[in-house]
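Input: a single structure, listed below in structure tokens.
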Amino acid sequence: MTKSCDGNPSRAQRAVYPPPTAPPAANVFNNVPGYEGTISGGGGYLPPPMPLEPVAPPQPGPVPDNWVIPSLAEDVARDAFKSYASSHCCYSESPAKDGVITNMEPYDTFRYRLETFTESRSTEWSQKPYEGEQADFYTQTAPRPWEVPATAPELFTNHTQELRVPYTSSIKDCNICHSSGTMPCEECHGDGYKTCWACNGSGENCTSCKSTGKESCRTCDGHGTKKCTTCDGKRQLLTFIQLKVEWSNKVDDYVVQQNSGLKVDDLRSVNGKKLFQNNQFLLYPLLGFPNPAIGEASDRLIKEHQSKYAQTSRILQQRQTVELIPITKVSYKWKGDSHLYFVYGNEHQVSADNYPATCCCVVQ
């Protein structure tokens, strides 16, 4: 037998810890009706049940009659450009202040947005330190995954809720520490002490360890063991089926090509004039819009969302919105040269990729 430096068997040898075993209840849950195949780590999303009542067909929404955004005033375009220049530390404000606007062209465009608010459910075998909870396993029939009540958030907001499935909880001995509540300290390997850092274990004239060659392990206060982190020292675990409910708002946008030269990605951060919005359990594609691309995008995206999300989640609500986004291409002259910038969105954001007066500056 290997002995410690004081001639005695180490703490780890005096108390033998067999290796952890697999979770003892892992096979129990295979016998719970509606939870076949539930494993530790989850078994994927569960398909929603078929609706009990026939779903009413979606109805067409109203068509807006006002498709016009007032033209951008020159002073508003100039003020937006000044704010843009002043927000960049390396930009001179001279082009924005002294440049002469020569032309302003509107390139207003449409953005269609489809939102599909879904609920998905998944289960997994789980465990926690036992703290006196009731073990209700099979005292009644466990509700099926889609029968467990859950509190939904506000429509079109993301949220996750984890619930313990009723009548699936049982008490088991901790399989990690074998019901001892403790595990060997990893820092000192269960000895309770470590080699003295000052004399490297020699003990020669060492005042730090009083010539013993060792020092008490600070991680476990010299005990050689630590509280089991799996059962938190309780020695037992509550094992149960955990249900994860996820509400998610799936969003897709389509922006009609506007040919102004402004990047479509720039439009993602701004709002436009809301022309139309409606929401139903299931949406009807938009019909009758002056721009046919909107109707085509509506029909395509609604079909895509139905195909993509209805198999693994329950669609709770859909919402479609059409915005008219203002875009103005502004041409101006500064020091005899022609330049341009864009003002776009209700927020009057500015894009000017080739600003004519920049300098290299370092922020200290």
Original post:
Along the positive direction of the dipole of the chain (beta-carbon charges: Lys, Arg +1; Asp, Glu -1; about the Cα centre), which of P149, V245, C228 reaches farthest?
Top reply: C228
Original post:
If ligands, DNA and RNA are left out, what is the accessible area of H178 with a 1.4 Å probe, given in Å² to the nearest 10?
Top reply: 70 Å²
**OP:** Using just the helices of the chain, give the 222 nm mean residue ellipticity in deg cm²/dmol: DSSP H runs with n ≥ 4 each add -39,500 (n - 2.57), and the total is spread over all residues, rounded to 500.
**Re:** -3000 deg cm²/dmol
**OP:** Name the residues whose placed amide hydrogens come within less than 5 Å of the amide hydrogen of N278, ignoring near sequence neighbours (fewer than 5 apart) on the same chain.
**Re:** Q320
Subject >> Backbone N under 18 Å from the R300 label point (7 Å along Cα→Cβ), restricted to segment 313-329 >> reply: 320-323
Original post:
With the contact rule set at Cα under 8 Å and sequence spacing of 6 or more, what percent relative contact order holds for the chain?
Top reply: 28 percent
Original post:
Non-local amide H neighbours of S40 (under 5 Å, H modeled in plane, Pro and chain starts lacking H): which ones?
Top reply: W125
Original post:
Distance in nm between label sites at A135 and L316, each 7 Å beyond Cα in the beta-carbon direction?
Top reply: 3.6 nm
**OP:** Give, rounded to the nearest 20 debye, the magnitude of the charge dipole that segment 97-221 has about its Cα centre when Lys and Arg contribute +1 at Cβ and Asp and Glu contribute -1 at Cβ.
**Re:** 220 debye
**OP:** Apply the Karplus parameterisation 6.51 cos²θ - 1.76 cosθ + 1.60, with θ equal to phi minus 60°, to every residue of segment 302-313 and state each ³J(HN,Hα) to the nearest whole Hz, in sequence, with x for glycine and proline.
**Re:** 4, 5, 5, 5, 4, 5, 7, 10, 6, 6, 10, 8
**OP:** Work out the FRET efficiency for N158 and N354 from their Cβ-Cβ distance, taking R0 = 41 Å, and round it to the nearest 0.05.
**Re:** 0.60
Original post:
Which value, in Å² rounded to 10, gives the accessible area of D265 with a 1.4 Å probe and all protein chains present?
Top reply: 100 Å²
**OP:** Determine ³J(HN,Hα), in whole Hz, for all residues of segment 346-357 in sequence, where each value follows from phi through the Karplus function 6.51 cos²θ - 1.76 cosθ + 1.60 and θ = phi - 60°; x replaces Gly and Pro.
**Re:** 4, 7, 6, 5, 10, 10, 9, 5, 10, 4, x, 9
Original post:
Which one is right for this structure if Kirkwood radius over Cα pairs in Å is calculated from it: (1) 21.7; (2) 23.2; (3) 27.6?
Top reply: (3)
Subject >> Spin-label pair T151/C90, simplified geometry with 7 Å Cα→Cβ offset, distance in nm >> reply: 5.1 nm
**OP:** Return the distance in nm (one decimal) between the two label points of a simple spin-label model at E74 and Y167, each offset 7 Å from Cα along Cα→Cβ.
**Re:** 7.8 nm
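Ranked highest first by the average count of other Cβ atoms within 10 Å around their residues, in what order do 109-117, 284-292, 161-169 fall? All intermediate terms of the calculation are to be shown ahead of the outcome.
On the way: 109-117: 22.4, 284-292: 15.0, 161-169: 18.4.
Ranking, from highest mean packing down: 109-117, 161-169, 284-292.
May I ask you to derive the relative contact order of segment 226-364, considering only C-alpha pairs under 8 Å and at least 6 residues apart, and to give it as an integer percent?
Details: 125 pairs, mean separation 32.3, N = 139.
That works out to 23 percent.
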Original post:
Among L283, G261, P129, which residue has its Cα positioned farthest towards the positive end of the charge dipole of the chain, with +1 placed on the Cβ of Lys and Arg, -1 on the Cβ of Asp and Glu, and the dipole taken about the Cα centre?
Top reply: P129
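Can you figure out the FRET efficiency of D265 with N291, using R₀ = 30 Å and their beta-carbon distance, to the nearest 0.05? Show your work: numbers first, answer last.
Numbers: r = 21 Å, r/R0 = 0.69.
It comes to 0.90.
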**OP:** Mind giving me the FRET efficiency for N205 and H178? R0 is 45 Å, r the Cβ-Cβ distance, nearest 0.05 is fine.
**Re:** 0.55
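The values are calculated or read from the model by the stated rules, or taken from the named source; none is laboratory data. Since we're looking at a predicted model, the values are computed, not measured. Glycine gets a Cβ as well: all are built from the backbone with ideal geometry, and neighbour counts include every protein chain shown. Remember, those area values only see protein heavy atoms, side chains included, never the ligands or the DNA or RNA. Shrake-Rupley method; radii C 1.70, N 1.55, O 1.52, S 1.80 Å.
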